[in-house]
Amino acid sequence: MINIHDNEIVSYEVDFRKSRITIQTLDGNEDSVTTNIEFTDVLAHMFETQLQGSIIFDISTFEVSRFLKNNKELLEKQKNYGWPMHYEKAEDLLEHLQNEKYNYYVISASYGLNGWVIAKGYKVYN
């Protein structure tokens, strides 16, 4: 896979109709190669600390059970609004996410934008 460590985030696009998020980055080299990070079949996401010059540290993949554990308060707060989907109990949400093969992607920053994406896949390409 293409290395994205220390890439600067130039822009990102959330396409709700295609359930896709694309993050455009530049590496730190003189030739400034553009690298795209694309999340597919996106169910939900949350980005924080969007700053010009944001630098990616890493993107880690976790089981969706960790998403429920790490975002318990957020899920409680948004449950009655149908976010990230309609469900009765947290166990129902977990079962759906596991059955549909979603992953919990955590974007860590050296500086600036960080957050997470619930999606079925992601790829990195030039």
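The values are calculated or read from the model by the stated rules, or taken from the named source; none is laboratory data. All values reported here derive from a predicted model rather than from experimental measurement. Using ideal geometry, Cβ is built from the backbone for each residue, glycine included, and neighbour counts are taken over all protein chains shown. Just so you know, the surface numbers come from the protein's heavy atoms only, side chains and all, with ligands and any DNA or RNA stripped out. Shrake-Rupley method; radii C 1.70, N 1.55, O 1.52, S 1.80 Å.
Name the residues in region 13-28 that are more than 13 Å from ILE56 (Cα to Cα) and either touching a helix residue (DSSP H, G or I) at 6+ places or on another chain (Cβ under 9 Å) or part of a strand (DSSP E or B) (or both), would you?
GLU13, VAL14, ASP15, ARG20, ILE21, THR22 - these are the residues of region 13-28 that are more than 13 Å from ILE56 (Cα to Cα) and either touching a helix residue (DSSP H, G or I) at 6+ places or on another chain (Cβ under 9 Å) or part of a strand (DSSP E or B) (or both).
Please pick out the residue among PHE16, PHE57, PHE62, PHE39 that is free of Cβ contacts under 8 Å to residues at least 12 places away in the same chain and under 14 Å from the mean Cα position of the chain (by Cα).
PHE16
Name every residue in region 78-95 that is under 16 Å from the mean Cα position of the chain (by Cα) and either open to solvent by less than 40 Å² (accessible area, probe 1.4 Å) or aliphatic (A, V, I, L, M) (or both), in order of residue number. It would help to see each step written out before you state the result.
Initially, region 78-95 is screened for residues under 16 Å from the mean Cα position of the chain (by Cα), giving 83-84.
Matches in region 78-95: PRO84 only.
Would you call THR35 among the hydroxyl-bearing types (Ser, Thr, Tyr) and either surrounded by fewer than 17 Cβ atoms within 10 Å (Cβ to Cβ) or closer than 16 Å to GLY115 by Cβ (or both)?
Numbers: among the hydroxyl-bearing types (Ser, Thr, Tyr): yes; either surrounded by fewer than 17 Cβ atoms within 10 Å (Cβ to Cβ) or closer than 16 Å to GLY115 by Cβ (or both): no.
It is false that THR35 is among the hydroxyl-bearing types (Ser, Thr, Tyr) and either surrounded by fewer than 17 Cβ atoms within 10 Å (Cβ to Cβ) or closer than 16 Å to GLY115 by Cβ (or both).
Of all residues in region 50-77, how many are open to solvent by 70 Å² or more (accessible area, probe 1.4 Å) and over 18 Å from HIS5 (Cα atoms)?
Total satisfying the criteria: 8.
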